[in-house]
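The values are calculated or read from the model by the stated rules, or taken from the named source; none is laboratory data. None of these values were measured; they are calculated from a predicted model. Cβ placement follows ideal geometry from the backbone for every residue including glycine, while neighbour counts extend to all protein chains displayed. All accessible areas refer to the heavy atoms of the entire protein, side chains included, with ligands and DNA or RNA removed. Shrake-Rupley method; radii C 1.70, N 1.55, O 1.52, S 1.80 Å.
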Amino acid sequence: DYVVVKMIPDNRLPPRHLHAVRTGKTFAVIKWESPYDSPDQDMLYAVAVKDLVRKTDKIYKVKSRNSTVEYTIKKLEPGGKYHVIVQLGNMSKESSMKINTVPLSAPDALKIITENDHILLFWKSLALKESNFNESRGYEIHMFDSLMNITAYLGNTTDNFFKVSNLKIGHNYSFTVQARCLYGGQMCGEPATLLYDELGTGKDSSATKPGRATDVAAIVVPVLFLLLVTLGIGFVVLYMRHRRLQNSFTAFANSHYSSRLGSAIFSSGDDLGDEDDEAPMITGFSDDVPMVIA
């Protein structure tokens, strides 16, 4: 004997296993499971997104009959902090979690140029690789003095350079440049960091030296390669010319050699190389050969 029992669905239960699948700069993909297995009808969910930085709320409605539901929250801000709540439309028990979106990336090619009484920080515009960044937002610059163990905020700028003065001789500094923080410093970009030391000699071990070494190598290596190629070609040309002259002389000597006399016979030199190859070779006369006159 057996009995079939069908449980009555409880719509007061919260969604299960709410979690983030993937987060980006302006979106987040979340996923959850229905309050009970195999729903037999469409279920209406309410997804509430609370911006913890701006203190604003947005509610989205999602309808699905699947046991597993995936939803993409759009129009978020880079580096933002959000509180996500998912529950059935009848305001049943809720499931919640917190999401931090990916911040803006750090500026590229941060470099230092040393002047007489100050230094200049240079970097590439962040708008070249970040479509969500506007130059009007600007950048903020921080400095860390390792000798004094102090971090200082130097200021912000909408340009791609910044002047730093009043540096102390013998101190080592670390500079960071990042997209300007918004809403009380809660939404910032990733910082680009550069070490500047040996101030007394005006050298930058992290930026200037590698750049100069790279520039010198870029000039010296091609020049050395061209010199080696030129020398190799010169040796080949001289070797081929030597072989050609040797072969020409050997062929010329063999063509004028008399096996009867055991020596080579040459003309005056006016007509060397002008004889026809098919003409018979004329040799000189010897005194011990009798001359017959018809």
Between the modelled labels at M240 and F122 (7 Å from Cα along Cα→Cβ) the distance in nm is 4.7
Ordering F161, F175, F144 by the accessible surface of their heavy atoms, 1.4 Å probe, largest first, yields F161, F144, F175
Row for the stretch 108-197, column shape: gyration tensor on C-alpha, a ≥ b ≥ c, rounded if a/c < 1.5 i.e. under 1.5, prolate if a/b over b/c, else oblate; value prolate
Quick calc: nm separation of the 7 Å Cα→Cβ label points for I169 and T230 -> 4.6
For V21 and Y2, extending 7 Å from Cα along the Cα-Cβ vector and measuring point to point gives, in nm, a value of 3.6
With a Förster distance of 35 angstrom and the Cβ-Cβ distance between K55 and D10, calculated FRET efficiency to the nearest 0.05 equals 0.55
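In Å², what does the accessible area per residue of the stretch 108-197 work out to with a 1.4 Å probe?
Ligands and nucleic acids excluded, the result is 55 Å² per residue.
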With T = 20 °C, eta = 1.002 mPa s and Kirkwood Rh from C-alpha pairs, the Stokes-Einstein D of the stretch 16-100 in µm²/s is about 163
Computed for the stretch 16-100: size of charge dipole around the Cα centre, +1 on C-beta of each Lys and Arg, -1 on C-beta of each Asp and Glu, debye to nearest 20, value 460
Over the stretch 16-100, with neighbouring protein chains present, the accessible area per residue in Å² at probe 1.4 Å is 57
On the accessible surface of the stretch 108-197, probed at 1.4 Å with all protein chains in place, carbon and sulfur together account for a percent value of 50
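Carbon and sulfur atoms: what percent of the 1.4 Å accessible area of the stretch 16-100 do they account for?
Heavy-atom surface of the stretch 16-100 belonging to carbon and sulfur, 1.4 Å probe: 46 percent.
Once you've got the Cα coordinates, tell me which of K25/K50; K50/K124; K55/K163; K98/K129; K25/K93 are over 24 Å apart. Spell out each step's value before the answer.
Working: K25/K50 16 Å; K50/K124 34 Å; K55/K163 36 Å; K98/K129 28 Å; K25/K93 30 Å.
Distance filter (> 24 Å) returns K50/K124; K55/K163; K98/K129; K25/K93.
Find how much the distance from T151 to N132 grows on full extension, using 0.36 nm per residue of separation minus their present alpha carbon separation; answer in nm with one decimal.
Extending this stretch completely gives an extra 4.0 nm.
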